[in-house]
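Asker: Take this structure, written in C-alpha cells, and hold onto it; I'll ask about it next.
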Amino acid sequence: MTDTPLLRVVRGNPDDAELAALTAVVATAAAASAPAPPRRRTSWWGDRAAAVHAPPAAGDGAWRASALPR
C-alpha cells in the first residue's frame, strides 16, 4: 500500500461534501475508462434465438428440415 494520496487539493479550501463529489466524479471516470470484461458466449442450449425461427414450410424435405439447426 502506498502512502501517496490519490487526490490533492492545490488551491482553495473544499468542505467534505465538495471532496466527496470530486471523489465520485474521478471514480466514475476511472470506472468508465476501464475496459469491460468480455461477455461469455451463451451455450447453444441456452440460446433463446435458436428457438425463435419460422416453422418449416410444407413440401419436399420439410420433415427433414424441421430437425435441422438454423
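Asker: Is it the case, given these coordinates, that ALA50 is part of a helix (DSSP H, G or I), at pLDDT below 75 and under 31 Å from the mean Cα position of the chain (by Cα)?
Answerer: yes
Asker: A follow-up question, please. With respect to VAL10, is the statement that it is open to solvent by 90 Å² or more (accessible area, probe 1.4 Å) and either under 27 Å from the mean Cα position of the chain (by Cα) or touching a residue at least 12 places away in the same chain (Cβ under 8 Å) (or both) true?
Answerer: Answer is no for this residue.
Asker: While we're looking at this one, here's another question. Within region 30-56, track down each residue that is surrounded by 10 or more Cβ atoms within 10 Å (Cβ to Cβ) and closer than 30 Å to PRO5 by Cα.
Answerer: ALA30
The values are calculated or read from the model by the stated rules, or taken from the named source; none is laboratory data. This one's a predicted model, so the numbers in the text were calculated from it and none came from an experiment. Backbone-built Cβ (ideal geometry, glycine too); neighbour counts: all protein chains shown. All accessible areas refer to the heavy atoms of the entire protein, side chains included, with ligands and DNA or RNA removed. Shrake-Rupley method; radii C 1.70, N 1.55, O 1.52, S 1.80 Å.
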